[in-house]
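To start, the structure under review is shown below, and the notes come after it.
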Amino acid sequence: MERTIRVLVVDDSLLVRQTLQRLLELDQEIKVIATAGDAYEARDLIVKLAPDVITLDIEMPKMNGIDFLKRLIPQYPIPVVVCSSMPDRTFDALEAGAIDFVKKPVFSSVDDMKKFGIQLIKIVKQATNAKVIKAGKYMFPVKERKINQPNEINNIDKKDDSIIVIGGSTGATEALPVIFSQFNQNTPPCVVVIHMPEGFTKLYAERLSRYFPKLRVIEAEAGMYLKKGMISIAPGGKHIRVFKDSKGYFLSCFKSSVRLSAHCPSVDVMFESAAVSVGEKVIGVILTGMGADGAKGLLQIRKMGGYTIGQNEESCVVYGMPKMAYDMGAVCHQTSLEDISDAIFTKLKE
């Protein structure tokens with residue numbers, strides 16, 4: 001018999017608390033042991049009941065969810081899933097130690113409610129297997145980064161036509177800045193797919209751009225050509241592919257109701273296109289995340305002569321996607337998050 005996942009729901013709206021409880025308990029492996037309307041009530045219930053997972057709203061009376069997380073995680077390292085309609089504040093919550101987030105929808109139909117419930121259950125289950133990152137560990141900008149190789153690793157030959165492709169999910173929003181902290185305007189173009197809903201990816205790209213002003217970090221658009229020092233984030237709800245013509249590499253973006261590898265955007269879709277279009281000049285990186293998306297695409301990159309890097313278990317929030325890729329033989333080099341950028345530039349200098 002499967003172990004019951006004991007969940008505490010924290011939201012200032014009684015209706016939302018009741019809705020989340022009803023949706024979560026549609027799954028027989030989940031039990032909502034209590035609900036709380038504010039941070040202080042939640043704190044007392046955490047001490048008393050020791051839940052396995054917490055769902056947390058951000059905007060609450062007395063103390064908001066961000067401040068609550070900053071106080072909670074150091075004392076009680078419990079996986080927290082943020083349920084919010086505020087994208088930018090959601091990233092603050094992830095920096096403060098939340099494991100993952102789910103976009104709080106406006107329920108316009110029974111079908112909307114059902115889809116949200118399925119997503120919420122999936123994320124709560126994933127959270128039970130996730131490592132809680134200490135609040136501030138990967139805060140923007142990354143500080144006191146240990147560099148194992150000289151800064152000259154960024155001075156790549158201007159004639160080089162390599163590109164970097166990165167995929168990830170749970171924990172990847174906080175992992176990417178660790179890698180980008182070593183990029184500069186001479187770094188080959190980078191294309192990123194992370195599992196994030198529509199409306200969040202543009203704000204995430206803008207957030208990264210503020211912290212890394214020497215880089216051009218943007219949400220990808222159809223027909224966009226890739227340039228050095230440019231990081232393109234796949235838009236939520238759209239698949240992206242990498243193509244090449246006489247002018248260079250460019251992106252296609254297309255909205256689809258089909259969730260390839262169970263996701264849209266899909267890491268596999270982007271990786272596989274890069275394998276075909278770029279071949280041995282592509283460097284593929286797979287980061288922390290639940291599931292198998294990206295594993296097949298990374299294997300395709302390796303088969304086409306490209307170089308592949310997987311994040312190791314010790315530095316992952318969830319060692320799912322990198323593990324699937326490693327077990328499949330798709331990973332040329334497995335290393336810690338802190339050393340991925342060095343591995344990229346070492347390969348580029350060969």
Which values, in whole Å and largest first, are the semi-axes of the equivalent ellipsoid of the stretch 22-77 obtained as the square root of 5 times each eigenvalue of the Cα gyration tensor? 21, 13, 10
Let me know the Kirkwood hydrodynamic radius for the stretch 5-127, please, with Cα pairs as the basis and the value in Å to one decimal. 14.1 Å
With the cut-off at 27 Å, tell me which of the pairs K202/K349; K104/K131; K103/K228; K103/K131; K104/K296 have Cα atoms farther apart than that. K202/K349; K103/K228; K104/K296
Surpassing 19 Å at the alpha-carbon level, of the pairs K281/K347; K70/K115; K227/K281; K214/K347; K115/K323, are K70/K115; K214/K347; K115/K323
Pairwise FRET efficiency - K214 versus M113, Cβ, R0 = 35 Å, nearest 0.05: 0.20
Quote the charge dipole size of the chain about the Cα centre in Debye, to the nearest 20; the model charges only the Cβ of Lys and Arg (+1) and of Asp and Glu (-1). 460 debye
Over all pairs of distinct alpha carbons, what does the Kirkwood formula give as the hydrodynamic radius of the stretch 208-321, in Å? 14.8 Å
Rounded to the nearest 0.05, what FRET efficiency do Y40 and H333 have when you use their Cβ-Cβ distance and R0 = 41 Å? 0.30
So what does log10 I(q)/I(0) come out to for the chain at q = 0.07, 0.12 Å⁻¹, using the Debye formula with one equal point on every Cα and no solvent? -0.29, -0.83
By how many degrees, between 0 and 90 and to the nearest 10, does the Cα long axis of helix 39-49 differ from the longest principal axis of the chain? 80 degrees
If amide H atoms are built 1.01 Å from N in the plane of the peptide, which residues on other chains or at least 5 residues away come under 5 Å of the amide H of A222? C253
In terms of modelled amide H atoms, which long-range or inter-chain residues lie less than 5 Å from the amide H of T308? G284, C332, H333
In whole Hz, what ³J(HN,Hα) sequence does the stretch 234-246 give by Karplus (6.51, -1.76, 1.60; θ = phi - 60°), x for Gly and Pro? 4, x, x, x, 10, 7, 10, 9, 9, 10, 9, 9, 5
Could you give me the ³J(HN,Hα) list for the stretch 50-58, computed from phi with Karplus coefficients 6.51, -1.76, 1.60 and θ = phi - 60°, whole Hz, x at Gly and Pro? 6, x, 7, 9, 10, 9, 9, 7, 8
Mind grabbing the base-10 log of I(q)/I(0) for the stretch 151-348 at q = 0.16, 0.17, 0.18 Å⁻¹? Debye formula, identical points on the C-alpha positions, no solvent, two decimal places. -0.93, -1.08, -1.24
Which three extents, in angstrom, do the Cα atoms of the stretch 257-350 have along their principal axes, listed largest first? 41, 32, 19
To the nearest 10 degrees, how steeply does helix 14-24 sit against the main Cα axis of the chain, on a 0 to 90 scale? 70 degrees
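Read the figures in this text as sums done on the coordinates, not as results from a lab. All values derive from a computational prediction rather than experimental measurement. No Cβ is skipped: glycine too gets one built from the backbone with ideal geometry, and neighbour counts run over all protein chains shown.
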